[in-house]
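Quick note: the coordinates plus some simple rules give every number you see, no bench work behind them. Nothing here was measured: the structure is a model prediction, and the numbers come from that model. Don't worry about glycine lacking a Cβ; one is built from the backbone with ideal geometry, like all the others, and counts go over all protein chains shown.
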Amino acid sequence: MSENTYVSPLSQRYAGRDMQKLFSEGHRALLWRQLWVILAQTEHDLGLPVTQEQVDELKAHADHVDLERCKEYEKVLRHDVMAHIHAYAGECPAAAPIIHLGATSCYVGDNSDMMIYRDGIRLLQGRIVRVLRNLEAFARKYKDLPTLAYTHFQPAQPTTVGKRATLWMQDLLYDLEELDFVLSHLRPLGCKGTTGTQASFLELFHGDEDKVLELDRRIVAAMGFERGAAVSGQTYSRKQDARILNALAQIAASAQKFATDLRLLQHEKEIEEPFESTQVGSSAMPYKRNPMRSERMTAQARYLIGNAHNALTTAAEQWLERSLDDSANRRLSMAEGFLCADGLLMLYENVTSNLTVNPQVISRHLKAEMPFMASENLMMRAVEKGGDRQKLHEIIRKASMEAGRRVKQEGAECDLLDRLAQDPEFPMNEQEIHQHLDPTLYTGMAARQTEVFLDDIVQEFIESHADLPDPEESILL
C-alpha cells in the first residue's frame, strides 16, 4: 500500500492480527462462498433441482477468491454481492445457474457478519481472561499490603492493594458475563428472502412450507448456530448490532476505569505502569515517566464508548422491512468497534503483566493520614476508659482541624497524636495512642475478601472459559 494512502491506526498500530483477519475483505469473501455452498447443499438435500456435481464444483472453488476479479465486476455492476456471484460463476460454469438460488444479498451479507461477530466476541473473551490472570496474580501477591483508600479522591479508610485490584477484576467479570449472554443470543438471518417472507423459497418448493422452514433451520445449523432469527425483514434486526456494540462499550468502561485509577496512582508514585529501560517519557523533559499506555487506553476507550451510539441510531433508522442507510455505517462502526476493543484489551494485558508497586511510598502516604483515620477508634477506646463521647469528639475535632491547618498551610508534619497525648482531658497516653496506628488494624476484611473472590469466583470464570482461542499479540504496544 502506498505511503500516501490513509490506513486506520486500528489496523496499523493497535488491533491484533487475528481480529484484523476476521474483518478482512478476504475472510468475508470466503465466508460468502461457504454460505453459497451451504445453501446449494441444503437445497440439494431437500430435493430442489441442484445436483451434487454442482455442489461439489462450488466446494472445489470455495477456498480461494480472486478479489481483483471481483472488484472489476463491481465497477461495472455497482453491487458487491453480484460481483462475487459473477466471479464465482466464472470459476464454476456447471454450478453457475444455481448459485444464490432463491436468496437475497443479505443472505451472505448478514449471515457472514454474524459469523464474524461470533468469532470476534470469542477472541475478546480470550483477551479478557488473559487480563484476569494477570490481575489474579497481582491481587494474590498484594492482598495483605495496606494502602490508602480514597472516596472522592480524598483519603478514606485503608484497603489493600490486592483488594483494589479485585474491583478492576469484578468489572471484567461483568463484561465476560455480558459477552456470554450476547454470544448465546446471536441470531443469524438464515434464509428469509427479500422482505423476510421466504416467498422465493416457498415458490422453489412449490408451496411446501415445512421444507422452507427446514431449509432455514439446516442452514442456521450449518453455520454453527443453534437458532436463527425467528422473523425478519430483509435483514436481521439491527438491535443485535446495538447489543454487541453496547457490550464492547462496557469493556471500554472497565478498561478506562482501570487506566484512570492507574494514572492517579502513578501520579502518587504508588503503582506505575511498565516503563522500558530505553523508553523515552518526553522529548523535552528527560526525567519524565508518563503513563502513556494508560493514557492510550483512556483514549481508545473513549472512542469505543462513543461508537456504541452508531448501532442504536442505525437500528432506530431502519425503514419498514429495510433501508440501505445501515450499510456504510456498519462497515465502519462494527469493524472498528471490534478492532478497537481488541487493541484496548491488549493494552490492558500488557500493562497488567508488569505493574510496579512502590511499598515505601504507599507506607509513607498511609503514615501521613493514619492519625486522622485512627481518630474514631481512639475516641471509642477513650470512651472505654471512662471518657465522655461528646466531649472527646470535640477534643479530637479541634485538634484535627489545627493539625490539618498546619499540614496544609505551614507544610508541617501532622502532630494530631501529640496534641491528643498532651491534652489532660484525653484519657490516653502517647504509648496507648500509638498502639492504634498499625494500618492493618483498619483494612477490615480486605485480605479475606480478596482470597474468597479469587478462589470462589474468578477461578470458576477462568475455568469455564478454558476453551477460548489464544489470540496473537498486537503489532505495536
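Between GLU209 and LYS257, the simple spin-label model (points 7 angstrom out along Cα→Cβ) gives 4.9 nm.
The angle between the Cα long axis of helix 25-45 and the longest principal axis of the Cα atoms of the chain comes to about 50 degrees, rounded to the nearest 10.
Of the GluC sites (Glu not before Pro) in segment 293-359, the ones in a loop by DSSP (not H, G, I, E or B) with at most 15 other beta carbons within 10 Å are GLU321. Distance between the modelled labels on LYS391 and HIS365, one decimal in nanometres: 3.9 nm (7 Å Cα→Cβ projection).
Of GLN266, MET82, TYR142, which is farthest on the positive side of the dipole of the chain, counting Cα position, with +1 on Lys and Arg Cβ, -1 on Asp and Glu Cβ, and the Cα centre as origin? Of the listed residues, the answer is GLN266. Taking the Cα centre of segment 302-454 as origin and assigning +1 to Lys and Arg Cβ atoms and -1 to Asp and Glu Cβ atoms, the resulting dipole is close to 140 debye.
A simple rule links phi to the HN-Hα coupling: the Karplus curve 6.51 cos²θ - 1.76 cosθ + 1.60 with θ = phi - 60°, which for segment 359-364 gives x, 5, 5, 4, 5, 5 Hz, with x for Gly and Pro. Residue pairs exceeding 29 angstrom between C-alpha atoms, taken from LYS21/LYS75; LYS269/LYS391; LYS163/LYS269; LYS75/LYS211; LYS143/LYS367; LYS141/LYS398: LYS269/LYS391; LYS75/LYS211; LYS141/LYS398. With contacts taken as Cα pairs under 8 Å at a separation of at least 6 residues, segment 2-136 carries a relative contact order of 26 percent. Ranked from largest, the principal axis spans of the Cα set of the chain equal 103, 52, 38 Å. In order along segment 9-14, the phi-based Karplus estimate (6.51 cos²θ - 1.76 cosθ + 1.60, θ = phi - 60°) of 3J(HN,Hα) comes to x, 5, 8, 7, 10, 10 Hz; Gly and Pro are listed as x.
Restriction of the chymotrypsin sites (Phe, Trp or Tyr not before Pro) in segment 132-163 to DSSP coil positions whose beta-carbon has at most 16 other beta-carbons within 10 angstrom yields PHE153.
Would you mind ranking MET297, MET223, MET82 by Cβ crowding within 10 Å, fewest neighbours first? Mind showing how you got there, number by number?
Working: MET297 28, MET223 20, MET82 15.
Listing MET297, MET223, MET82 from fewest to most nearby Cβ atoms yields MET82, MET223, MET297.
For segment 9-98, the residue among GLY26, GLN41, ILE98 whose Cα projects farthest onto the positive side of the dipole built from Cβ charges is GLY26.
Would you kindly give the portion of the calculated P(r) for segment 9-98 that falls above 15 Å, as a percent of all Cα pairs? Tail of the P(r) past 15 Å holds 63 percent of the pairs. Only Cα pairs under 8 Å and 6+ residues apart enter the sum, and on that basis the relative contact order of the chain stands at 22 percent. The order of VAL129, VAL407, VAL7, going from fewest to most other C-beta atoms within 10 Å of their C-beta, is VAL7, VAL407, VAL129. For segment 9-98, a crude dipole built from +1 on the beta carbon of Lys and Arg and -1 on the beta carbon of Asp and Glu, taken about the Cα centre, is about 540 debye to the nearest 20. Ordering ALA403, PHE225, HIS206 by the projection of their Cα atoms onto the charge dipole of the chain, which places +1 on the Cβ of Lys and Arg and -1 on the Cβ of Asp and Glu, puts ALA403 at the extreme positive end. Sequentially through segment 464-469, phi angles give Karplus couplings (6.51, -1.76, 1.60; θ = phi - 60°) of 6, 10, 6, 8, 6, x Hz, Gly and Pro residues having no value and appearing as x.
At full extension, GLU3 and THR151 could sit 48.4 nm farther apart than now, given 0.36 nm per residue minus the alpha carbon distance.
The simple spin-label model puts a point 7 Å past each Cα toward its Cβ; for ASN377 and GLU268 those points are separated by 1.8 nm. Straightening the chain between TYR303 and HIS434 buys 42.2 nm, computed as 0.36 nm per residue apart minus the Cα-Cα spacing. Once the chain from LEU202 to ALA421 is taken as fully extended at 0.36 nm per residue, the excess over their C-alpha distance is 69.7 nm. Taking amide hydrogens as placed 1.01 Å from N in the peptide plane, the amide H of THR147 sits under 5 Å from those of THR159, THR160, VAL161, each at least 5 positions away in sequence or on another chain. Put a plus charge on the Cβ of each Lys and Arg, a minus charge on the Cβ of each Asp and Glu, and nothing anywhere else: the dipole of the chain about its Cα centre is then about 1340 debye. The ranking of HIS84, HIS206, HIS27 by Cβ neighbour count inside 10 Å, starting from the fewest, reads HIS206, HIS27, HIS84.
Using helices alone, what [θ] at 222 nm do you get for the chain, with -39,500 (n - 2.57) per DSSP H run of 4 or more residues, divided over all residues and rounded to the nearest 500?
The helix-only estimate for the chain comes to -20000 deg cm²/dmol at 222 nm.
Sites listed here are chymotrypsin sites (Phe, Trp or Tyr not before Pro) in segment 1-97 whose DSSP assignment is loop and whose Cβ has at most 13 other Cβ atoms within 10 Å: TYR6.
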